[in-house]
1. Would you confirm, using the coordinates I've provided, whether residue 78 is surrounded by 16 or more Cβ atoms within 10 Å (Cβ to Cβ) and either touching a strand residue (DSSP E or B) at 6+ places or on another chain (Cβ under 6 Å) or assigned to a loop (DSSP other than H, G, I, E, B) (or both)?
2. Output the residues belonging to segment 55-67 that are open to solvent by less than 60 Å² (accessible area, probe 1.4 Å), closer than 17 Å to residue 17 by Cβ and without any contact (Cβ under 8 Å) to a residue 60 or more places away in the chain.
3. If a residue has to be part of a strand (DSSP E or B) and either out of contact with any Cys (no Cβ under 6 Å at 6 or more places or on another chain) or open to solvent by 50 Å² or more (accessible area, probe 1.4 Å) (or both) to count, how many in segment 108-130 make the cut?
4. Being farther than 16 Å from residue 73 by Cα, of a type outside the set (D, E, K, R) and surrounded by 13 or more Cβ atoms within 10 Å (Cβ to Cβ) is the filter here; which residues of segment 87-107 pass it?
5. Do we find a residue being modelled with pLDDT of 95 or more, open to solvent by less than 20 Å² (accessible area, probe 1.4 Å) and among the β-branched types (Val, Ile, Thr) anywhere in segment 10-27?
6. Could you pull out the residue among 46, 38, 70, 33 that is more than 20 Å from residue 114 (Cβ to Cβ), surrounded by fewer than 14 Cβ atoms within 10 Å (Cβ to Cβ), touching a Lys or Arg at 6+ places or on another chain (Cβ under 7 Å) and of a type outside the set (A, V, I, L, M, F, W, C)?
7. For the condition charged (D, E, K, R) and farther than 20 Å from residue 32 by Cβ, what is the one hit in 109, 124?
8. If residue 66 satisfies all but one of (1) β-branched (Val, Ile, Thr); (2) at pLDDT below 95; (3) not in a helix (DSSP H, G or I), what's the number of the condition it fails?
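The values are calculated or read from the model by the stated rules, or taken from the named source; none is laboratory data. Values in this document were obtained by computation on a predicted structure and should not be read as measured data. Quick reminder, even Gly has a Cβ in these numbers, built from the backbone with ideal geometry, and neighbours come from all protein chains shown. Protein only, heavy atoms only, side chains kept; ligands, DNA and RNA dropped before computing areas. Shrake-Rupley method; radii C 1.70, N 1.55, O 1.52, S 1.80 Å.
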Amino acid sequence: MLGMALIIIHAWGDTLTEAFEQCANAMFHYMTEVDYIEMRESYDIEVEGHDMVTLLYNFLDELLFIFSAEPNYIARKVKIEEFDTTAFKIKAKGFGEEFQLGKHPQGTEVKAITFANMQIHENEGKCEVFVILDI
């Protein structure tokens with residue numbers, strides 16, 4: 001397929017919650033320089049999946065949707081408040097503001113989250129996730 005480009009996000013943390021948060025934050029880092037994003041307001045997201053992979057996909061996809069829909073909300077930081085690893089549900093908050101050209105440098109446009117080779121590794125003391133983004 002011509003013109004298709006991919007980037008891999010490798011995020012980690014002491015817990016799956018941290019790894020998922022870091023993955024979301026990394027995605028926004030590709031979209032703009034986060035130093036320019038002020039944490040003026042917050043928004044809530046709630047997602048669910050039927051397993052961990054679909055939960056991670058839906059979590060990132062919802063954040064991407066909020067960015068691409070009016071008012072083009074971009075988060076400097078995403079914080080997961082509730083993470084149910086048995087019912088596969090996440091309640092999270094994004095802290096940021098409306099994306100504005102001129103204020104926020106245009107980074108890489110993320111077109112889609114992909115399921116391709118998505119990996120979630122949960123080990124004691126270190127949890128890792130790998131996500132491929134279509135840019």
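1. yes
2. Hits for segment 55-67 are 55, 58, 59, 63.
3. 11
4. If the condition is that a residue be farther than 16 Å from residue 73 by Cα, of a type outside the set (D, E, K, R) and surrounded by 13 or more Cβ atoms within 10 Å (Cβ to Cβ), then 88, 90 are the ones that fit.
5. Within segment 10-27, none of the residues are modelled with pLDDT of 95 or more, open to solvent by less than 20 Å² (accessible area, probe 1.4 Å) and among the β-branched types (Val, Ile, Thr).
6. 46
7. 124
8. (3)
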